[in-house]
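Inspection log for the structure reproduced underneath, given as structure tokens.
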Amino acid sequence: MLLFDPIYLLFIAPPLLLGLFAQWRVKSTFASMSQVPARMSGAQAARQMLDSAGLHQVGVEQVPGHLSDHYDPRAKVLRLSPEVYGGRSMAALGVACHEAGHAFQDAKGYAPLIIRNMAVPAANFGSNIGVTLATIGLFLSYQIPSVGNLLLLAGIVLFAGVVFFQVVNLPVEFDASARARRHLVSANLIAANEEHFVAKVLNAAALTYVAGTLQAIMTLAYFIFRLMGDRR
């Protein structure tokens, strides 16, 4: 139903286009920076970064998939894609040390990370159920306004958890990238004049988080707009 509503498209088209551009930029930038050689692999750089902070207990593992890299706070493990784990490039070092930055945050009790992790269940639930309830509510609002508006309101409340997660996630990701860039230079894993190569990869990745946040905000704004419109 939402896809056929021109008003919804007005809300969602700009962040959606930004998201598509961000995905293209991540892939193209990663491919380009993968051609710029580094002195060690992503796994070695991440291991050195973790050990420098005394995080010897945090593991570094290889997992299948393209750009499937992430830090698992429950298992205390960095999971790196093959091209990052074994890649000896600026792209591999940037992504690997970005994930190590999340391990730093976890070890230091970084408040936004704690809040983000607490918001994960609400975000997962709201991303599916919230949109479903809101969509059903929009449909029923034309047939049974009282029921439809109640479901729409419930969907808005649930989807607000998704927006909250996305907003809190931004400083978490930006901080992890900043930690990675500082460590790579300070530990002499890369030269100071090579830092801009890593910055290209991390800035491209940051744009995807910004686009995702804007998509969530504009979707929530659309639902609120519809709810307020039905009440006038």
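Worth a mention:
- Loop sites in segment 107-191: chymotrypsin sites (Phe, Trp or Tyr not before Pro), DSSP, at most 11 other Cβ within 10 Å: 142
- Kyte-Doolittle mean at least 1.0 and Cα axial length at least 30 Å: DSSP H helices in the chain: 6-33, 145-186
- The residues of the chain have, on average, 49 Å² of accessible surface per residue, using a 1.4 Å probe with all protein chains present.
- Cα gyration tensor, the chain - rounded (a/c under 1.5), prolate or oblate: prolate
- Computed across segment 124-232, the Kirkwood radius stands at 16.1 Å (inverse of mean 1/r, all Cα pairs).
- Distance (nanometres) between label positions extended 7 Å along Cα→Cβ at residue 35 and residue 75: 3.4
- Straight Cα distances below 22 angstrom link residue 200 to the lysines 27, with same-chain residues fewer than 8 positions distant left out.
- In straight-distance terms, cross-link reach from residue 76 covers every one of the lysines whose alpha-carbon lies under 23 Å from its own, apart from those fewer than eight places away in the same chain; here that gives 108.
- Net charge over other residues, Cβ less than 14 angstrom from the Cβ of residue 168 (K, R count +1; D, E count -1): -1
- Of all accessible heavy-atom area on segment 11-133, the percent that carbon and sulfur account for (1.4 Å): 62
- Interchain or long-range residues, amide H under 5 Å from residue 60's placed H: 78
The values are calculated or read from the model by the stated rules, or taken from the named source; none is laboratory data. Predicted model only: the values in this text are computed from it and were never measured. Quick reminder, even Gly has a Cβ in these numbers, built from the backbone with ideal geometry, and neighbours come from all protein chains shown. Accessible surface is based on the protein model in full, side chains and every heavy atom, while ligands, DNA and RNA are left aside. Shrake-Rupley method; radii C 1.70, N 1.55, O 1.52, S 1.80 Å.
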